[in-house]
Amino acid sequence: MTVTARAAKATAWSRPAFRFLLGSEAVTLSGSAVSTIDLPALAVLELRASTTEVAVLAFFGQLPNAVALWAGALSDRHPKRPQLIASDLAAASALVTIPAATLAGALTVGQLCAVTVVLGAAKVLHDATAISLLPALVDTGRLHDANAKIGAASSVADSAGTNAGAVLVGAVGPARSVLADALSFVVSAVLIWRMRVPEAATAPRARTSLTRDIADGVRYVARQPTIRTVIAALSPLSFGLAVMNTYWAYYLLNRLGSSPFSFGVIMGVGGAGGVAGALLAPRIAARVGIGPTIIVGFAVSPLAQVPLLCAGPGLRWQIVLAAALAVHLSWATASGTGQRSLRQAVCPAFQGRMQSASTTLTAGARPLAAATAGGLVLLLDVRATLAIGALLQVVPVVVLLASPIRALRTIPARTAVPHPRKGAPS
């Protein structure tokens, strides 16, 4: 086999730096999945949080998304490894305060809110930096393969983490279980520290004001039609999911009577669906096209909420909910892998700011979604609030069906960069 043939068959896995990034993403998601079980269990079962306190906790957890634009500009401006390490260590430091406060008998919902703010800020910086670093580690032709591998590893980690979280909550309690998440961030920081990335791949070319960097990135996203359309679809999807997620754990644990262990198993089965979606994403996109794959993933989301709205207590419904979540996350991961690769491929510059613009418009509205959910519960009830969140997820399907993305079969080559102040839309 010639060198050219071997290079053509090589995958993203052949790059050592990519393997370190993959390991970092997997281990942090595994730990965070533990906290997905622990923190709701702490709030609902031990601190007896009310529906208003649950909404406030969700609000503070999503609040850092409002500063995503600054995180994206920083990720484009400075070397990325130190930013990833700093965000991991900040998250670990915040988490260890929970078992410390529990031992002192001083844990409150207010402290949980403070911890979730730090975790959210660390996640915003980590995500903007990691996703903008990936195109520097692999070439454009391997982006879909790289994103599929990250998606598969993340889904495995998420599934393992939720099941481990359920076991740990039962064995040592939710407060001590949080230490597993703290440890995962430390391990991630070590992996990133061992990564070697040429500074030329991450260093900025010129110094400008941070505000100007942000404005340039926003203008670029507004003028790139593919990225603009995908983000326009992601925004209402994210808002609808955030409305539902405000009370999703509360609904299962309180209204449907699920135990933390059952809750963890449901999440774990859903994670297994995500693994399947990530592994099959390149194959699905090759068979039906990247555009239809993205659209089907969006369409499955509201349909998968129907069993939740019809569910009652008992094992039979728990099995149904686990299966629905598995189907949902399978298609969501395949769709997410496709749209993420598509955005990275057509964006020759502004990677961090492109991602942060997406985060701001999609996740930045989640605090408002949490507040909206809290207000809807006061006017209606939890089930009706979940139904409204599900209906909102129909909007992005209409947006995508009305766009050229529906006919897109392959990931196009990168387009020229429109000048943020002078150029015409690409």
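Before moving on, here are some points about what is shown:
- Helical mean residue ellipticity (222 nm; -39500 (n - 2.57) per DSSP H run of 4+; nearest 500) of the chain: -25500 deg cm²/dmol
- Note that the range 115-122 has calculated 3J(HN,Hα) couplings of 5, 5, 5, 5, 4, x, 5, 5 Hz, one per residue in order, obtained from phi through the Karplus relation 6.51 cos²θ - 1.76 cosθ + 1.60 (θ = phi - 60°); glycine and proline are x.
- Taken about its Cα centre, the chain carries a charge dipole of roughly 1520 debye when the Cβ of each Lys and Arg holds +1 and the Cβ of each Asp and Glu holds -1.
- Label point 7 Å beyond Cα of R406 along Cβ direction - residues of the range 210-254 with amide nitrogen under 19 Å: 225-237
- Structure-derived percent of Cα pairs over 32 Å apart - corresponding label in [x] 52; [y] 33; [z] 47: [y]
- Whole-Hz Karplus values for the range 236-247 come out as x, 4, 4, 5, x, 5, 5, 4, 5, 5, 4, 10 Hz, taken residue by residue from phi with 6.51 cos²θ - 1.76 cosθ + 1.60 and θ = phi - 60°; glycine and proline positions read x.
- Counted residue by residue at 0.36 nm each, then reduced by the alpha carbon distance between them, the extension gain from Q111 to A232 reaches 40.1 nm.
- Nearest-ten-degree value, helix 351-362 long axis tilted from longest Cα axis of the chain: 40 degrees
- Spin-label zone in the range 170-192 - amide nitrogen under 11 Å from a point set 7 Å from the Cα of S259 along the C-beta vector: 170-171
- Computed E for D139/L183 - FRET, C-beta separation, R0 30 angstrom, nearest 0.05: 0.30
- Most mobile of P79, P64, P313 in a GNM of the chain (Cα contacts under 10 Å): P313
- For L368 and S14, the FRET efficiency from 1/(1 + (r/R0)^6), where r spans their Cβ atoms and R0 equals 51 Å, is about 0.70.
- Computed extension length for L391-L89: 104.9 nm, one decimal, from 0.36 nm per residue of separation with the Cα-Cα distance subtracted.
- Loop-exposed trypsin sites (Lys or Arg not before Pro) per DSSP, neighbour cap 10 Cβ within 10 angstrom, longest uninterrupted part of the chain: 208-420
- Just checking the listed ones, G297, G61, G105: in the Gaussian network model of the chain with Cα springs under 10 Å, the one fluctuating most is G105.
- Choice from G289, G110, G165 showing the highest fluctuation, given a GNM over the chain with Cα pairs closer than 10 Å: G110
- Paramagnetic reach from L47 (point 7 Å along Cα→Cβ, amide N under 12 Å) across the range 160-196: 175
- Taking each residue as 0.36 nm, the span from C310 to T97 lengthens on full extension beyond its C-alpha to C-alpha distance by 72.8 nm.
Each reported figure results from applying straightforward, stated rules to the coordinates on display, with no laboratory input. Computed from a predicted model, the values in this text were never measured in an experiment. Backbone-built Cβ (ideal geometry, glycine too); neighbour counts: all protein chains shown.
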